[in-house]
Amino acid sequence: MKHFLRMLVQVCLYFYCKCLWRCLKFVVRKLTGRCELQRICYSTKPGAGRTMKIESSLRSSKNKLLQNSVSVHPDAIEKTIDAIMELKRINPDVNPQLGVSLQACLLQIVGYRNLIAEVEKLRREPYDSEDPQHEEMLLKLWKCLKPDFPLEARISKQWCEIGFQGDDPKTDFRGMGLLGLYNLLYFAECDAAAAQQILSDSLQPKYREVTKEELSKFSKAEWEKKKFDKAIGYSFAIVGINITDLAYNLLVSGALKTHFYNVAPEAPTLSHFQQTFCYLMHEFHKFWIEEDPLDIMEFNRVREKFHKRILKQLQNPNMALCPHFAASESLINL
């Protein structure tokens, strides 16, 4: 009975809030002479803050045109903006900036949705050793990471040197499909020095300095173990595939909207996703050293802690995970 009453109260509260919110919007429009879309664009600076408010407003609208505007084809965005302006009885000659701002927001919203589809397609495509393009990418990965050490054979224990589990890397791509290979190759090609350094550090891990405060927290048994233990490394390629999974989940859950809406002036692309992967690899490597795990069995704990840290950062609407990729200058006048 209590459960039923609780549900009844929640349902009543939901409908009450929804009706109250619509009434409030109507009153504010009458008082200001502006619709909600106008108020958002004029009062919120470009970036995630504005785009996420516009997206929420469109999705929660009762009007089908507004609801469907977040999923139109990119080529239909201009036409959709014209239809929205007409629906809201907004004169584009009097409010020229509104159309530009709405178009920028819709390009980001629709682009994010299309990016999920593109990334999902790569994730679902399995690595095929019979496909020349797949093989070429894999061999290129080796050359980028180990330029001074030729690969002796396609099937070789040498693959373990860059962090694969066996003598044929194709089995390691099962979880993330081609997406894992695309990301690793992008990192190795576009940030070669950093990728090679992280690979080297993963094979020859370094201790971080232990502070006196941390030292006091160790039990005698933990300190004795730590004195004789070496710093723990990790398998570079396997961790790269694992971080690809983390980036994929951040994307699909919508958590990366904050980042992409701040760094992409228009539609976020696969390159934006791969740049984010590079950033996550950098940050995870530093985080791993900071955590200084006792053994590789702690990997899942460290990864989960890192995941929560990134999620917390993305709760800030002004957050851009990799500032050097930010397009803030392009966003100023949108």
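The values are calculated or read from the model by the stated rules, or taken from the named source; none is laboratory data. Everything numeric here is computed off the predicted structure, so don't read it as measured data. All Cβ positions, glycine included, derive from the backbone under ideal geometry; neighbour counts span all protein chains shown. Side chains are part of the model used for accessible areas, which takes the heavy atoms of the whole protein and leaves out ligands, DNA and RNA. Shrake-Rupley method; radii C 1.70, N 1.55, O 1.52, S 1.80 Å.
The residues of region 116-205 expose, per residue, 52 Å² of accessible area to a 1.4 Å probe.
Peptides 138-149, 95-106 ordered by packing proxy, namely the average of other Cβ atoms within 10 Å per residue, highest first: 95-106, 138-149.
The share of accessible area on region 68-193 that comes from carbon and sulfur is 49 percent, using a 1.4 angstrom probe.
Taking a straight Cα-Cα cut-off under 19 Å and skipping sequence neighbours fewer than 8 places away in the same chain, the aspartates and glutamates within cross-link reach of LYS53 are GLU36, GLU266.
Could you give the length gained by full extension between LEU151 and GLN204, i.e. 0.36 nm per residue of separation minus their alpha carbon distance, to one decimal place? Gain in length upon complete extension: 17.0 nm.
Each peptide among 239-252, 288-301, 156-169, 177-190 gets the average number of other Cβ atoms lying within 10 Å of its residues, and from highest to lowest they stand as 177-190, 239-252, 156-169, 288-301. Taking 0.36 nm per residue of separation and subtracting the Cα-Cα distance, full extension of the segment from GLN315 to SER60 would add 89.7 nm. Between ASP295 and GLU86, take the C-beta separation as r, use R0 = 45 Å, and let me know the FRET efficiency to the nearest 0.05. About 0.10, to the nearest 0.05. Once you've got the Cα coordinates, tell me which of LYS143/LYS257; LYS88/LYS312; LYS157/LYS305; LYS88/LYS257; LYS45/LYS88; LYS121/LYS257 are over 30 Å apart. Listed pairs above 30 Å: LYS143/LYS257; LYS88/LYS312; LYS157/LYS305. Between GLU135 and GLU189, residue separation times 0.36 nm minus the direct Cα-Cα distance comes to 17.8 nm.
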